[in-house]
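The values are calculated or read from the model by the stated rules, or taken from the named source; none is laboratory data. Treat the numbers as computed from the prediction; the structure is a model and nothing was measured. With ideal geometry, Cβ positions are generated from the backbone for all residues, glycine too; neighbour counts draw on all protein chains shown. When the accessible area is computed, the model is the full protein with side chains, heavy atoms only, and any ligands, DNA or RNA have been set aside. Shrake-Rupley method; radii C 1.70, N 1.55, O 1.52, S 1.80 Å.
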Amino acid sequence: ALPALSAPWNIVVAGVGGTGVVTIGALIGMAAHIEGKGVSVLDMTGLAQKGGAVMSYVRIAGRQEALHAARVATGEAHLVLGCDLVVAVGEDTLSKMRVGVTHALVNTGQAITGDFVRNPDLPFPLDPMKEQLREAVGADGADFVDASRLAALLMGHSIAANTFMLGYAWQKGLVPVSAEALARAIELNGVAVADNHQAFLWSRRAAFDPSGVRRVASAAEPAAPTHRLSRGV
């Protein structure tokens with residue numbers, strides 16, 4: 001079931017520049033426009049070109065007059081779509097979350113930061129960051145999915161990871177527009193249309209049957225050379 005729009009529904013898409021964060025915000029915004037809903041989209045790109053933090057604020061209401069500001073206020077996000085884990089636990093993103101209000105859906109794919117340039121042995125703090133998010137939204141308000149890996153194995157590349165995240169959130173009932181409107185928005189965007197449609201469908205399946213989709217993806221994963229049995233004498 002789609003969220004009711006008795007009040008504006010606030011979505012924060014958080015990720016890094018160059019991965020399509022702004023595109024995801026635009027797709028949701030266009031889908032809402034197609035359905036005649038009120039919508040505002042505000043992209044916070046800062047100085048980011050590629051690799052820097054980017055956020056897109058999307059607010060959807062039953063009518064345009066119900067939206068009085070484009071920015072999502074502190075603690076008022078209903079959905080945080082964390083396309084990058086590091087950005088999702090950043091101060092700006094965490095400030096939009098509140099227990100009992102926010103659901104965080106976060107990609108656990110690990111992308112290195114500038115700190116690894118200075119210290120290549122720096123461990124990636126996956127578990128502490130996941131715990132930060134659980135504290136911000138409550139244990140029942142956080143979902144984690146390795147969208148980068150699943151998209152790469154199912155689609156042949158990880159470029160569709162953000163669309164995968166969008167479909168997963170939609171299937172969970174966290175995006176208040178129809179699947180048909182999102183499909184039309186993908187077509188109007190005109191970029192990698194077939195791939196984005198497939199990523200959206202695979203992610204919906206992953207939200208419904210995660211173990212089944214993981215089995216399909218694992219079957220497509222090539223064995224590392226060190227794991228292959230020797231065929232020689």
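Taking the criterion of being open to solvent by 30 Å² or more (accessible area, probe 1.4 Å) and β-branched (Val, Ile, Thr), the residues of segment 178-212 that qualify are 191, 193. Identify all residues within segment 160-192 that are of a type in the set (Lys, Arg) and in a loop (DSSP other than H, G, I, E, B); write none if there are none. Within segment 160-192, just 172 meets the criteria.
Check whether at least one residue in segment 71-89 is in contact with a Ser or Thr (Cβ under 7 Å, 6 or more places away or on another chain), touching a residue at least 40 places away in the same chain (Cβ under 8 Å) and of a type in the set (D, E, K, R), and report yes or no. Looking for residues that are in contact with a Ser or Thr (Cβ under 7 Å, 6 or more places away or on another chain), touching a residue at least 40 places away in the same chain (Cβ under 8 Å) and of a type in the set (D, E, K, R), one finds none in segment 71-89, hence no.
Of the residues making up segment 11-61, those that are of a type in the set (Ser, Thr, Tyr) and in contact (Cβ under 8 Å) with a residue 60 or more places away in the chain number 2. Taken over segment 27-43, the criterion of being touching a Ser or Thr at 6+ places or on another chain (Cβ under 6 Å) and among the basic types (Lys, Arg) is satisfied by no residue. Scanning segment 138-173 for residues that are in contact with a Lys or Arg (Cβ under 9 Å, 6 or more places away or on another chain), polar (S, T, N, Q) and under 26 Å from residue 99 (Cα atoms) yields one hit, 171. For segment 117-129, residues that are part of a helix (DSSP H, G or I) and either modelled with pLDDT of 95 or more or surrounded by fewer than 16 Cβ atoms within 10 Å (Cβ to Cβ) (or both) total 5.
Scanning segment 167-177 for residues that are buried (at least 19 other Cβ atoms within 10 Å of the Cβ) and closer than 17 Å to residue 141 by Cβ turns up 168, 169, 174, 175.
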